[in-house]
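Where a number appears in this text, it was derived from the coordinates with a stated rule and is not lab data. Since the model is a prediction, treat every value here as computed from it, not as a measurement. Glycine gets a Cβ as well: all are built from the backbone with ideal geometry, and neighbour counts include every protein chain shown.
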Amino acid sequence: MCGIVGYIGNEDARDILLNGLSNLEYRGYDSAGIALVNSEGVHVFKEKGRIDVLRKSVDPAVKSTLGIGHTRWATHGEPSKRNAHPHQSASGRFTIVHNGVIENFSQLKATYVPDVAMKSDTDTEVVVQVIERFVKDGLDVEAALRKTLKLVEGSYAIALLDAENPDMIYVAKNKSPLLIGIGDGFNVVASDATAMIDQTRHYVELLDEEIVELTRDSYTIKDLDGNVRERKPYTVSFDAGDTKKGAYPTYMLKEIDEQPAVIRRLLQKYRGSDGMITVDPAIVKAVADCDRLYIIACGTSYHAGLVGQQLIEKIAGIPTEVHISSEFSYNMPLLSKKPLFFFLSQSGETADSRAVLVKVKKLGYPTLTMTNVEGSTLYREADYKMLLYAGPEIAVASTKAYTAQMAVLAFVAITVAQKKGIKLDFDPVHELSIAAQGMEQMVDDKAQLKKIARDYLSITRNAFYIGRGLDYYVCQEAALKLKEVSYIQAEGFAGGELKHGTIALIEDGTPVLAFATQKNVNNSIRNNVEEVSARGAHTCIISMEGITAQPGDQIVLPKVHKAFTPLVCAIPLQLIAYYAALQNECDVDKPRNLAKSVTVE
Ligand code: F6R
């Protein structure tokens, strides 16, 4: 979703801002803009569409060492040049970029700036107009900003320029993510560290309802009452190379290929000196002591949670429920007496999940966040934290974070089982290493998956995935991945459920792809394949060597332990979606309408 960058230093701000915005493209956007300040004033350039269009429209004659930039994902007002940020106050003195939603924008307009003619349809513009009104009333800029933000209901990450003070960027945050980056003789603003990783690896987190006065060599953080808050920078653990595509044609392919290495990295990170899987003892105790675990997540993270539920219940014997954040938030079920909440989120910024976190924290329940982004909102606000160590995930479609989530959930199940004295009948480190090897084998044999995409998905508008048990959860993720990157309408069904309605959709040539890796339901899922085949479906079976495979199966996966089949299934489901998207000439890294970091509810 929307992204913000800002730069104040001594270099040419134009290229730094445009490159920063390019680094934020992965979040999803429909228009973009920058504002550059120099002795002649503030120069605003904005365009609908891609950063490349904006890049061409910026006048190279405008030299500046200070500016702000924005990628917009429309919420209020259509995607257009007029609604793109930055927005300026009536006199042109103040220039703002904003992420989030100003819920009471019409009341603010009616109460404080009724006579000001708005130049856009956005909720954002009112903020800059109200700031100007308070400055005209006699407040200094910082006081006007704080007063305005106290009136705002909703979420915001803001960068603000004042044409009369060209040595300062004002920054503010509430609910929407925003960081300050610290350099030598310069400072930056960024929605996330990947945006400005070419400039600095040192960042300062901002908490809700804080503002910052940012100059070339200082940052002063204050709360909305003007009290100064001290905070030291931290260093991010990835570097610029981790965010580049290298020789890969797309980020998605790079990130799919990285998955075996991510599992191996996780095995190092969560391994104690005794060689055993090790998780923070406080976390293991919290899980072992709860009477029910609630996993809260959205999208792909939710699908990883479904697999995690099976592992935690079956291996550790802890009753576990998985909920979609946006549903749980407004329709909370009756809770157990001693619940523990797990938040799964690649980005750590998903607003739907955060809304639940805030609610259950208010109720006094313990919380844990499992995320890929250290320092993200969900990471900071939970009582316990576990990192996914997948490295920056740039493609909008989540791949390596999904497999990392399933592996880290397995670590929880294994360590809690050990604490409870449950004897495992397998060696987890050995079996996870075999799973990583199996994933590698699938990654190395892309041709067969490209062929499946060509044979089954080249001329279709819809497709079905079916499976049972863990394979059912895999199918839900397979369908989501296919939909989001190839725009083929797809659903993942429990094999046995088809005949209760969905089978009516099967006609001649309908692609039905079955995951069949579970021994106990191998015959049943094959019967379901027969049922659809008899009605004309074009069927494909993805089975597992030595467990479920039979002659004639289209794809046979290398054998892995039954708890880890979803890890190896992830590779074909992702690559089939990837090649189907290429066939349909879709932008795989930036699918239409989607955002990487979904920071509005
Ligand atoms: C799908 C995808 C989304 C996210 C969902 C949750 O490929 O990426 O479904 O999984 O928006 O995002 P996080 O995990 O960042 O909370």
Check your understanding: Between A261 and V429, how many nm apart are label points set 7 Å from Cα along the C-beta direction?
Key -> 2.3 nm
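When the helix-only estimate is applied to the chain (DSSP H runs of n ≥ 4, each -39,500 (n - 2.57), divided by the residue count), what is the mean residue ellipticity at 222 nm, nearest 500 deg cm²/dmol?
Estimated from H runs of four or more residues: -11000 deg cm²/dmol.
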**Study point:** Dipole magnitude of the chain about its Cα centre (Cβ charges: Lys, Arg +1; Asp, Glu -1), debye to nearest 20
**Key:** 900 debye
Check your understanding: At what distance in nm do the modelled label points of R271 and E142 sit from each other, each positioned 7 Å from its Cα along Cα→Cβ?
Key -> 5.1 nm
Exercise for review: For D208 and S91, calculate 0.36 nm times their separation in residues minus their Cα-Cα distance, and state this gained length in nm to one decimal.
Suggested key: 39.2 nm
Review point. Sorted by packing (mean other beta-carbon atoms within 10 Å per residue), highest first, where do 183-192, 145-154 land?
Key: 183-192, 145-154
Review point. Sorted by packing (mean other beta-carbon atoms within 10 Å per residue), highest first, where do 273-280, 309-316 land?
Key: 309-316, 273-280
Exercise for review: Work out how much length E78 to A247 would gain on full extension: take 0.36 nm times their residue separation and subtract the Cα-Cα distance, in nm to one decimal.
Suggested key: 57.2 nm
Revision key, fill the gap. For the range 245-425, using Cα atoms only, the Rg and Dmax in Å read 15.9, 53
Study note, to complete from the structure: Over the chain, the quotient of the Cα radius of gyration and 2.2 N^0.38 Å is 1.01
Practice item. Please name which of Y330, Q268, S376 has its Cα lying farthest along the dipole of the range 245-425 towards the positive end, using unit charges on Cβ (Lys, Arg +1; Asp, Glu -1) and the Cα centre as origin. Key: Q268
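Work out the FRET efficiency for R380 and D455 from their Cβ-Cβ distance, taking R0 = 45 Å, and round it to the nearest 0.05.
It comes out at approximately 0.45.
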Check your understanding: Does a label point 7 Å from the Cα of D280, set along Cα-to-beta-carbon, have any residues of the range 351-390 with amide nitrogen under 12 Å, and which are they?
Key -> 367-371, 375, 379-388
Point to revise | Given K81/K245; K338/K423; K175/K362; K285/K423; K119/K596, the pairs whose alpha carbons are separated by over 20 Å | key: K81/K245; K338/K423; K119/K596
Study note, to complete from the structure: Plugging the Cβ-Cβ distance of K56 and D508 into 1/(1 + (r/R0)^6) at R0 = 60 Å yields, to the nearest 0.05, a FRET efficiency of 0.80
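Express in nm, to one decimal, how much length is gained between R231 and D115 on full extension, taking 0.36 nm for each residue of separation and deducting their alpha carbon distance.
Roughly 37.7 nm would be gained on extension.
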Point to revise | Inter-label distance for T220 and N527, nm, one decimal - labels placed 7 Å from Cα along Cα-to-Cβ | key: 7.5 nm
Point to revise | Antiparallel bridge percentage (DSSP; both residues within the chain; nearest 5) | key: 60 percent
